[in-house]
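Input: a single structure, listed below in structure tokens.
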Amino acid sequence: MHERSEKFIPIHSHKKGQLSYVEGGLAYLEVDNNKYVIPARHYFWVPSGLDHILKVGHSGTILRSIFFYTYDDFKHPFFSQVGIYPINELLMEMMKYTETWDGRIEPQDERYLFLAAIKGILPNISNKKSPIALPFTENERIIPILNYISENISENHTLEGLSELFGFSERSLSRLFQMTLKTSFLQYLKLLRMVHAIELMLMTDLSISEIAYKVGYESLSSFSNTFWQLTHIRPSDFKRNLLNYR
């Protein structure tokens, strides 16, 4: 089945595997207490039966989805895990070719073979998995702290400063991050800053230097190196790709 977009609905799952391509804008996929950021020119795979929430984070977001049969998913581990990947020209053109197709497409339909070919190439072309998955939690003790960090992302946050502000010992707050988010305070802060940076790249005309400052980096080189470390692409190249699909 093919859809132009999947509107926000409460947490749900599909009996089929889901391939979605974000052509423009920004989308968020929430799975297993992780929020994945999916910018334009990226696609993602959601295995069948996996509970998830998909949100569109930008008014210009265009999302195209195809839902596939699952009888051969056992042939490759790709189909059993969530993944976000930068799209290549081949898959992008194939997805666009299916743009007007809708509804169930049965094996006797000549279009079925084309869709099967899309599914068949996914394991081979999906070798640059995006690592930007921001953990989230419903723990009431840490939510105010996370909100404060996000709303003041440009500040120089430290575990010591946050501990004093919210009445924790440094050790207790460090444990709270590990317990509720399964990551350290510094790693969470790094991921959150990258998420904010991607949003600013897409939604503003700020320069890379201005974005680096807005998300809490004092030097462009430090921001660029961190961005490269997480995405394996320089922020200037990443932004250029996004602007082409705004």
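Numbers at a glance
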{"read-out": "Checklist (1) in contact (Cβ under 8 Å) with a residue 40 or more places away in the chain; (2) in a helix (DSSP H, G or I); (3) open to solvent by 80 Å² or more (accessible area, probe 1.4 Å) applied to residue 229, failing item", "value": "(1)"}
{"read-out": "Tabulated pairs, segment 178-192, first under 15 Å from residue 34 (Cβ atoms) and in contact (Cβ under 8 Å) with a residue 12 or more places away in the chain, second part of a helix (DSSP H, G or I) and of a type in the set (Gly, Ala, Ser), C-beta under 8 angstrom, 6+ apart or interchain", "value": "192/150"}
{"read-out": "Residue list for segment 191-225, filter: at pLDDT below 95, β-branched (Val, Ile, Thr) and either assigned to a helix (DSSP H, G or I) or in contact with a Phe, Trp or Tyr (Cβ under 7 Å, 6 or more places away or on another chain) (or both)", "value": "195, 198"}
{"read-out": "Single condition residue 129 does not satisfy, out of (1) open to solvent by 60 Å² or more (accessible area, probe 1.4 Å); (2) in contact with a strand residue (DSSP E or B) (Cβ under 6 Å, 6 or more places away or on another chain); (3) of a type in the set (D, E, K, R); (4) outside any loop (DSSP other than H, G, I, E, B)", "value": "(4)"}
{"read-out": "Selection status of residue 105, open to solvent by less than 30 Å² (accessible area, probe 1.4 Å) and out of contact with any His (no Cβ under 9 Å at 6 or more places or on another chain)", "value": "no"}
{"read-out": "Qualifying residue in segment 88-96 (condition: within 15 Å of the chain's Cα centre (by Cα) and crowded, with 20+ Cβ neighbours inside 10 Å)", "value": "no"}
{"read-out": "Residue check, residue 111 among the basic types (Lys, Arg), open to solvent by 20 Å² or more (accessible area, probe 1.4 Å), modelled with pLDDT of 90 or more and within 30 Å of residue 69 (Cα to Cα)", "value": "yes"}
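Residues are listed down the side, and each one gets a yes or a no for (1) without any contact (Cβ under 8 Å) to a residue 12 or more places away in the chain; (2) of a type in the set (Ser, Thr, Tyr); (3) surrounded by 11 or more Cβ atoms within 10 Å (Cβ to Cβ):
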| position | (1), (2), (3) |
| --- | --- |
| 43 | no, yes, yes |
| 71 | yes, yes, no |
| 82 | no, no, yes |
| 99 | no, no, yes |
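The values are calculated or read from the model by the stated rules, or taken from the named source; none is laboratory data. Keep in mind it's a predicted model, so treat the numbers as computed, not measured. Methodologically, a virtual Cβ is constructed for each residue, glycine included, from the backbone with ideal geometry; neighbour enumeration extends over all protein chains shown. Surface accessibility is based on the protein's heavy atoms, side chains included, excluding ligands, DNA and RNA. Shrake-Rupley method; radii C 1.70, N 1.55, O 1.52, S 1.80 Å.
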